[in-house]
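Before any comments, here is the structure.
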Amino acid sequence: MTNEQAAKVLGIRKFLPWLPRLLRNPFPEMVALAEQEGGLIYLDLLPSQRLLVITDPEWARYLLKDQHQNFSRRTILNPLSDFLGEGLFRSEGALWQQMHTLIKPAFHDRQIQHYYELITQEADSWLNQFTEKGNKEIEVESFSSRLLLSLLLKTQFCATIEYPIEEILQCQLEIIASSSYIQLKKRWLSNQLRSITPGLKPIWRPQLPALDRLDQIITDIRARAKKEQPCFLLAQLEEAATQGTITDRQVRDEMMNLIFAGFDTTAAALAWTLYAAARYPETLPPVMKELASLEGNMPNPTELSKMTETRFFVQESLRMFPPIWALFRVSLQPTHFGNFQLPQGGYSMVSIYGMHHLPSVWGDPWEFRPSRFQPEEFRGKSFAYLPFGHGPRICIGKPLAMVECQLLFLYLLKKGNWKLAENQPPIKIETGIIRKSKNGLKLRYEP
Ligand code: HEM
């Protein structure tokens, strides 16, 4: 970054040739756009369609760390406000600080070390379910979302409850789909129609049945956990509510936020890591060597912390296939980016995927090469590598996610070989909140 450099402004005419390219192949074209037009681009399209796109590590540092107090993601998450309430994802200021302090210890290494056994047990149980009828082909995104949801609930809420996993997945899917841009427009239209024709039945229920159901599930979990034994995190939240330092509603909101943020991301990371093992088998031997050194056992926390090749593999997978591909913010006051001033209320996007594939940073970004995470090679790249974000709003669950990904990856490699399925159609990618495949990631599992 040179502080004097201004953002390149792209109006409709200049942006138009990019549009079909971005729609056809959004992720590689994001990188091409940054390479051609620079790491700081202001898309000046329609009055309501303006966006500052950052694909430059130094400007990312500026926004996420140096000037973080000028930016918010609260309004961006407004469509999900009924779901997320005032939990960590949307809260700000004193409430965010209080809840962050209360929740953070649940993701400390001291706490995570208690989950090692459970992580292996759950992996075993879900792998058995998916291979029950001698099935050798596994759609790994759907496998890993069930496994990771189950682990989230059993490590953070209560370990002894049988959870309605399918129902929770379905509810979350419906709630997120209903917050999409098109659905919000439909809701707006339906409200407009009702305001001029008062007799018209609501086309859109303000409260979604899926959200009502998920609320009920949360209430049931809290009641059951009180009778049995709540996990460390839920116990902390319930105690704070009993003492009156937080509201009862806050407990519900934080549980919803963990369901929103705490499993789909890690599930995508695990699925793409397994895919990477199958797609780039030549990069696997260093991991297999570390696995072999355990002589058939699973690693304990000290052993895992020394398994650097396994960590590099997962880190490279998070670089190549980042589950969260961009961070969005709204500016709370006019903010200068060099000569360019982003107005108050202006939208910005830090392109994680773009920065993870910049040739100027990585040299060979399209190569899957875990060794690039060797400390001497990685040095100086920390703001070009943002799978978990950065600054004060960095992912609170990062330590748990990293342990889960590495342990599950090792366990699944120990159980068998993972190869690309012969009938895997060309992989198409969704540009939802999480970067997933549209048509599933099928792998052949050979025990
Ligand atoms: C590989 C897995 C994961 C990835 C890639 C990931 C990614 C991220 C990213 C990029 C952010 C920052 C968003 C922003 O700045 O706008 C974030 C925030 C957050 N993540 Fe994660 N996450 C993962 C796993 C988890 C887990 C396991 C949990 C909890 C169990 C979790 C809970 C949260 C929460 C609560 C926040 C909001 C933190 C705050 O604003 O203070 N995440 N995550």
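Observations on the model:
- Set against the 2.2 N^0.38 Å expectation for a compact globular protein, the chain has a Cα radius of gyration ratio of 1.01.
- Separation of alpha-carbon centers, region 426-440 and region 362-377, rounded to whole Å: 24 Å
- Only Lys, Arg (+1) and Asp, Glu (-1) charged, at Cβ; region 129-177 dipole about Cα centre in debye: 200 debye
- Charge tally in the Cβ shell below 12 Å around E377, where Lys, Arg are +1 and Asp, Glu are -1, E377 excluded: +1
- Those aspartates and glutamates that a straight Cα-Cα span of less than 14 Å connects to K289, excepting residues fewer than 8 apart in one chain: E303, E309
- Each of L386, L412, N439 was scored by the projection of its Cα onto the charge dipole of the chain, and the greatest displacement toward the positive side belongs to N439; charges sit on the C-beta of Lys, Arg, Asp and Glu.
- Computed over region 293-447, relative contact order equals 24 percent, with contacts defined as Cα pairs under 8 Å that lie 6+ residues apart.
- Note on the chain: with a GNM built from Cα contacts shorter than 10 Å, the maximum mean-square fluctuation among L258, L51, L23 falls on L23.
- Here the contact order of the chain, divided by its residue count and restricted to Cα pairs under 8 Å and six or more residues apart, works out to 25 percent.
- Computed helical MRE - 222 nm, the chain, DSSP H runs ≥ 4 contributing -39500 (n - 2.57), nearest 500: -15000 deg cm²/dmol
- Among 216-226, 434-444, sorting by the average number of other beta carbon atoms lying within 10 angstrom of each residue, highest first, gives 434-444, 216-226.
- Each peptide among 117-129, 386-398 gets the average number of other Cβ atoms lying within 10 Å of its residues, and from highest to lowest they stand as 386-398, 117-129.
- Gyration tensor (alpha-carbon) shape descriptor, region 1-155, a/c threshold 1.5: oblate
- Taking the C-alpha atoms of region 298-423, convex hull volume expressed per residue in Å³: 156 Å³
- Checking every one of the GluC sites (Glu not before Pro) in region 388-447 against DSSP loop status and a limit of 11 other Cβ atoms within 10 Å picks out E422.
- Taking amide H as placed 1.01 Å from N in the peptide plane, the amide H of L40 sits under 5 Å from that of K8, T55, each at least 5 places away or on another chain.
- Residues of type lysines that K442 reaches as a straight line, Cα spacing below 21 Å, ignoring anything fewer than 8 places off in the same chain: K133, K136, K414, K415, K419, K428
- Over the Cα atoms of region 255-346, the radius of gyration divided by the Kirkwood radius equals 1.19; this is the Rg/Rh ratio.
Bear in mind that the values in this text are calculations on the coordinates, not laboratory data. Since this is a predicted model, take the numbers as computed values, not measurements. Don't worry about glycine lacking a Cβ; one is built from the backbone with ideal geometry, like all the others, and counts go over all protein chains shown.
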